[in-house]
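**Q** Pasting a structure here, questions to come.
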Amino acid sequence: MSKSVETEGALETRGIEQVPDHERTARTRELFPTWVGANISVLLLTMGASLVVAYHLNIWQALVVAVAAPIVSYGLVGLIGIAGKRGGAPGMALSRAVFGQRGNLLPGSLIWVARWGWETINAVTGAYALLTILDILFGIKTNSVLDMVTLLVFVVATFAISGLGISAVQKCNKYATYLFAVFSVLVLGYLVANTDWSKVMDHSAGSTAAVITGVGMIAAGGVSWIPSAPDFTRYLPRTASSKAIVGTAVGGAGVVVLPMVLMGAVMAVSTPDLASATDPVSFLGEILPTWIAVPYLCIALIGMLLINSMSMYSAGFTAQTLGFKVPRHWAVSVNAVISLIFGGVLMLVATSFMGSFIAFLSLLAVAFSAWVGVFGADMLRRTEYDGRAMADTTRTSAYWYRGGFSPAAVAAWAIGLLAGLMFTTSDWFTGPLAANNVIGEYGLGWVATIVISGVLYLVLPKPAVTVPAQAAEESAEESAEVRATADV
């Protein structure tokens, strides 16, 4: 981690400005616990159960899904994370170079709003975990008042961690990784010893279409982290290994997603109503003995705190790129208040948590994917980002383009977003093109969004890539050295 961040104290004060090269002293291996922490959620257990109950997959098909999903989604997380080491700035700040200073407000606003929903889902899950712990240990039953109190406690804790900054988030992730590993081994051991494996193995196989749909469902959760990837790689030096950035993202996510999805699939054989439970957490108190359930729920609670802290950390940067003239830690407070309000509504009104979650997940992935397609395609032609141009939001900025917009990027983003929604199906929304085609059948509207927006951006005429002044000077010096060598 950057020494300057640590020497400033616990609170990170740097916002969306470009990190100077002399402060970029982080190491790629520090990203591994970051992506482990981003996935420590009991929702993965419930999603694993859905593979068996809703999609009718057997344990071997669930294994295929659990391996493929993190490779697909976190492979993209790692690839976009490479932009962070190139530009030394958060993802939505780098996005100004692609969409233009004004054009970036469009995807930025949508991603910021989408984060409200993601943080709300995690806050509610964390509150349910706390309620389950209170029930198991003290017999305290849930009620509306207690629901709101536990939600408030969770959101305040999330705000405290994310407000401190990247050092606090990554240190918490590191210790949570160790704890999660220990208790996951305990849970796995208990399941191995107490599961009717003949019943698990005899479960009939589902269709290939269901396997693909399962991969898309679980991968969609990882897609929400793609725009945030540069936020956690911007302190890496420019010489950091791109392969290591991708590898730590896939590996960190995979060591959590694989066992948790499989555990959920195994649990669902004996508890089929797990996938449709109103409360996605309390089942652990019924399936596991108290001595395992309580500490495991505590770890899950910490994990969900970290997930929300990471999301709010990135949301603070997004708010700053939208023009909120406040420090990053105060920008985070806006999302904290919103998740508290929306979370209260979800806990008091929703009748099927998992149904609401999967419906939200499909729409969330499309909202993020339109940006991913354009930004990823732009990375194929851009290796440098001009820090001064990103910070300059006036007409003098090299990233002003036409009236503050990059027409190619904005058009590709908008068309890709609309097309993706047309191919998307969920309990809340079904696009007009979702029926009777493989994209809609497999729930791959977010994949179509990435492909359509990315291809459109590549073929549309684009403004010239701006080379930062520092990079131009270095290039000139290199050319001069080559000429001098040739003269000799």
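The values are calculated or read from the model by the stated rules, or taken from the named source; none is laboratory data. Computed from a predicted structure; not experimentally measured. With ideal geometry, Cβ positions are generated from the backbone for all residues, glycine too; neighbour counts draw on all protein chains shown. When the accessible area is computed, the model is the full protein with side chains, heavy atoms only, and any ligands, DNA or RNA have been set aside. Shrake-Rupley method; radii C 1.70, N 1.55, O 1.52, S 1.80 Å.
**Q** Whole-Hz Karplus ³J(HN,Hα) for the range 406-414, in order, using 6.51 cos²θ - 1.76 cosθ + 1.60 and θ = phi - 60°, x for Gly and Pro?
**A** For the range 406-414, the Karplus-derived couplings read 9, x, 5, 5, 5, 5, 5, 5, 5 Hz, x marking Gly and Pro.
**Q** To continue, here is another question. Spelling out what I want: for every residue of the range 168-176, take phi, set θ = phi - 60°, compute 6.51 cos²θ - 1.76 cosθ + 1.60 (Karplus), and round to whole Hz; glycine and proline get x.
**A** 5, 4, 6, 5, 4, 4, 4, 6, 5
**Q** Starting with the highest mean, order 64-76, 359-371, 176-188 by the number of other Cβ atoms within 10 Å, averaged over the residues of each peptide.
**A** Order by mean packing, descending: 359-371, 64-76, 176-188.
**Q** Could you sort 384, 17 by their accessible area in this structure, using a 1.4 Å probe and putting the largest first?
**A** The most accessible residue leads, giving 17, 384.
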